[in-house]
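Encoded as structure tokens, the structure appears first; notes follow it.
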Amino acid sequence: MAEKGTVKIEHVSKVYDNGTVGLDDINLDIQSGEFVIVVGLSGAGKSTLLRAINRLHDVSKGHIYIDDQDITTAKGKQLRHIRRNIAMIFQNFNLVKRVSVARNVFNGRVGYYSSLKSVLGLFSKADKERAQENLKRVNMLDKYYTRADQLSGGQQQRVAIARAMMQSPTVFLADEPIASLDPKTTRLVMDDLKRLNEEFGMTVIVNLHSVPLAMAYATRIVGLRDGKLVYDQPIENVSEQDFADIYNESEVQD
Ligand SMILES: Nc1ncnc2c1ncn2[C@@H]1O[C@H](COP(=O)(O)OP(=O)(O)OP(=O)(O)O)[C@@H](O)[C@H]1O
Ligand SMILES: [Mg+2]
């Protein structure tokens, strides 16, 4: 089956155990190679949506198809195979702090190894080369042997991108990847994502609060409010005024 990075979300709702509605009947059809930016107020459901796409948590209703395979019902080996195609980075980077950049990046490959081999760090020569290639892509190869906790936030995020690329994903998810970075580093990280999107035709879905960044990088903007999809337009149709509507009129943020 062709793996291209399409994401089809059909009637997805998520109710948390405490009764909070995280998502309310979301429908979205994302094509291969799109750069989708999801915006909305805090609590709108952005993280809930990303976590549902790679099944970090289960949905309560509906289905999500990654390249026509239903990740919401997949089990065992099939689930692992679907998830290999979906990479994710987070606001707080989630690197293993006390080990080298190289080792962190190898960790991105563990989906392809037996658990014993990955625990022992028995990574192949090809994967070491792949790690170097991915670090080069984000301009971090010179930090190969550096411990992760000696990097700045921006550098950590770029290593996290290199690690995520080790999966050879077709879908790349980023949950507020630049929320704790300065404006210049923010651009570097967003440029990395854009380059991967353009170079590999990778589908990228990013949660963001910044209107200018959304306007600069997205090919499509999706807006959530109270768990509902309230906006979905290709970038050429988007005006800044639309954000005011998504953010409940008065609360436009930058
Ligand atoms: N683990 C959880 N248990 C219960 N409710 C949760 C949980 N995680 C999120 N929620 C609730 O689900 C709703 C959506 O939360 P979510 O984290 O997806 O919002 P968000 O758009 O990512 O917000 P932010 O911009 O602050 O990151 C909120 O009402 C939130 O309180
Ligand atoms: Mg969030």
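Observations on the model:
- Taking each DSSP H run with n ≥ 4 as -39500 (n - 2.57) and averaging over every residue of the chain yields -10000 deg cm²/dmol at 222 nm.
- Charge dipole (region 121-216, unit charges on Cβ, about Cα centre) - positive-most of 205, 215, 155: 155
- Residue exposure proxy: 236, 129, ordered by other Cβ atoms within 10 angstrom of their Cβ from fewest to most, comes out as 236, 129.
- Partners for residue 128 among lysines (Cα-Cα distance below 29 Å; same-chain residues under 8 apart left out): 4, 77, 97, 117, 136, 143, 194
- Label point distance in nm, residue 11-residue 69, each placed 7 Å from Cα along Cα→Cβ: 2.5
- Here the spin labels are modelled as points 7 Å beyond Cα on the Cα-Cβ line, and at residue 32 and residue 60 they lie 3.5 nm apart.
- Put a dot 7 Å past the Cα of residue 21, heading toward its Cβ, do the same for residue 179, and the two dots end up 2.3 nm apart.
- Residue order, fewest to most beta carbons within 10 Å, for 196, 56: 56, 196
- The lysines within cross-link reach of residue 61, meaning a Cα-to-Cα straight distance under 22 Å and a gap of 8 or more places when in the same chain, are 8, 14, 46, 75, 228.
- Sequentially through region 94-109, phi angles give Karplus couplings (6.51, -1.76, 1.60; θ = phi - 60°) of 6, 7, 7, 5, 8, 10, 5, 4, 4, 5, 4, 5, 4, 4, x, 9 Hz, Gly and Pro residues having no value and appearing as x.
- Gyration tensor (alpha-carbon) shape descriptor, region 125-195, a/c threshold 1.5: oblate
- Under the span-like rule (Cα at least 15 Å along the axis, Kyte-Doolittle mean at least -1.0), DSSP H helices of the chain: 153-165, 183-200
- 3J(HN,Hα) along region 62-70: x, 9, 10, 10, 9, 6, 6, 9, 7 Hz, from the Karplus curve 6.51 cos²θ - 1.76 cosθ + 1.60 with θ = phi - 60°, whole Hz, x for Gly and Pro.
- R0 of 41 Å, Cβ-Cβ distance residue 242-residue 125: FRET efficiency to nearest 0.05: 0.25
Every number in this text was worked out from the coordinates using simple rules, so none of it is lab data. These numbers were taken from a predicted model, which means no experiment stands behind them. Every residue, glycine among them, receives a Cβ derived from its backbone with ideal geometry; neighbour counts consider all protein chains shown.
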